[in-house]
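Have a look at the structure below before the remarks.
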Amino acid sequence: MVCAQVEASPGKCWQKVLYERQPFPDNYVDHRFLEELRKNIYARKYQYWAVVFESGVVIQQLCSVCVFVVIWWYMDDGLLTPQWLFGSGLASSLIGYVLFDVIDLGVGRKQSGRTRWADLKSTLVFIAFTYGFSPVLKTLTESISTDTIYAMSVLMLLGHLIFFDYGANAAIVSSTLSLNMAIFASVCLASRLPRSLHTFAMVTFAIQMFALWPMLQKKLKARTPRCYVGVTLLFALSALTGLLTISGVAALLFALLLVSISCLCPYCLIRLQLLKDNIHGPWDEAEIKDDLSRFLM
C-alpha cells in the first residue's frame, strides 16, 4: 500500500470510511496506519511436557504397526502358532473390554444403548465370518507376486499412519480410511502365511490392534493420564524388544525415531514458536462476528 503525500484542505481530516467523498487519493493513509499493528494475536504458547504427552498418540500408532509386523514375522517363520495368537488375543480383548467399561463407568454404553449381549453377538458373528472366509483370503493374492504384496503392505501401513486421527482438526484426517488401509495391509500379509488358520488369526489380530486398541488408549488418555503414560512406555518397550529379536539395527533406528518424535520434535516446535511473526492490522479481511443465522430462516 502506497502512502500519498497530499495537502489536506483546512479543517479537513482523513477518515477511514467509504461512504463519504474525501479530497484524498484512494490509496492514501495517514501516520496512524501502523498504530493498529498487532503481532501473534492467535499464537499458542506450548509447554514442553504437555507436547510430549500429546506425542504419545503418534508413539502408540508407530508401536502398533511395529508389533503387527513383528507378530507377522514370527508367524511366517513358524515361531508363533495361530492357536496361541488367537487365544492370547481373545484373552487380551476380554481384559480390555472389561477395563474399558470400568474406566468409562458405563456412560458410553448408556448413551449408545448397546448391551453386552449385543456386543457378544457382534463378536461371534465377526469371528465366524472371518474364519469362514479365511480360505478365500488365503488365496486372494495368489496371482500377485510377493514383492508387490510387500510393497502394497508398506504403502498401506504408511497411509494408515498418515490418515489416522491423532486428535488434530485437519482435512487429511480420516479414521475410516486409516482403518481400511491397515486391514488391507493385514490381508495382504496374511495371504502369504502357510495356512488358512494363520490368515484367520492374523486378520483377527489386526482388528484388535488397529480398531480396538486405539479406542482403549483414547479412553485411558481422557480419564487416567498417568496410566496412559505408563501403558505407552510399556507398549513402546514391548515393540522395541520384539523388533530387537529380529534385527538390532532396525530396533536401534526405531528407538531413535521414537525418541525424536517424543522428545526432539516438541523441543523444536517450542523453539520455532519463538520465531513466529504473524502480523494483524487494518489490512485484514473484515470478519462478521454477529449471529446471522436469523437471516437464513
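The values are calculated or read from the model by the stated rules, or taken from the named source; none is laboratory data. This one's a predicted model, so the numbers in the text were calculated from it and none came from an experiment. Cβ sites come from the backbone with ideal geometry, for glycine too, and all protein chains shown count toward neighbours. The protein model used for the area step is the full one, side chains on, heavy atoms only, and it has no ligands, DNA or RNA in it. Shrake-Rupley method; radii C 1.70, N 1.55, O 1.52, S 1.80 Å.
Summary table
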{"quantity": "Largest to smallest accessible area among VAL107, VAL57 [probe 1.4 Å]", "calculated": "VAL107, VAL57"}
{"quantity": "DSSP-loop trypsin sites (Lys or Arg not before Pro) across segment 17-115, with at most 11 other Cβ within 10 angstrom", "calculated": "ARG21, ARG32, ARG44, LYS45"}
{"quantity": "Dipole of the chain, positive end: most advanced residue of PRO135, LEU18, ALA251 [Cβ charges, Cα centre]", "calculated": "PRO135"}
{"quantity": "Most positive-pole-ward Cα, PHE86, VAL29, LEU158, against dipole of the chain from beta carbon charges", "calculated": "PHE86"}
{"quantity": "Square roots of 5 times each gyration tensor eigenvalue, C-alpha, segment 71-152, largest first, Å", "calculated": "33, 16, 13"}
{"quantity": "Most mobile listed residue (LYS276, LYS221, LYS16) in the chain, GNM with C-alpha springs under 10 Å", "calculated": "LYS16"}
{"quantity": "Accessible solvent surface per residue of segment 164-297, calculated while the other protein chains remain in place, 1.4 angstrom probe, Å²", "calculated": "62 Å²"}
{"quantity": "Which label in (i) 22.2, 70; (ii) 28.3, 96; (iii) 18.8, 57 gives the computed Rg and Dmax of the Cα atoms in Å", "calculated": "(ii)"}
{"quantity": "For the chain, built as a Gaussian network whose Cα springs stay under 10 Å, the top-fluctuating residue of ALA151, ALA190, ALA171", "calculated": "ALA171"}
{"quantity": "Mean Cα-pair separation over length for the chain, i.e. relative contact order, pairs under 8 Å, 6 or more apart, %", "calculated": "31 percent"}
{"quantity": "Under Karplus coefficients 6.51, -1.76 and 1.60, residue-wise ³J(HN,Hα) of segment 252-262 in Hz, glycine/proline x", "calculated": "5, 5, 5, 5, 5, 5, 5, 5, 5, 6, 7"}
{"quantity": "Sulfur and carbon atoms: percent of accessible area, the chain [1.4 Å]", "calculated": "66 percent"}
{"quantity": "Cβ crowding within 10 Å averaged over residues, with 238-246, 90-98, 193-201 ranked highest first", "calculated": "193-201, 238-246, 90-98"}
{"quantity": "Links that overshoot a 21 Å alpha carbon limit, given the list LYS110/LYS219; LYS45/LYS276; LYS39/LYS276; LYS121/LYS221", "calculated": "LYS121/LYS221"}
{"quantity": "Fluctuation leader among GLU20, GLU142, GLU36 - the chain, Gaussian network, Cα springs under 10 angstrom", "calculated": "GLU20"}
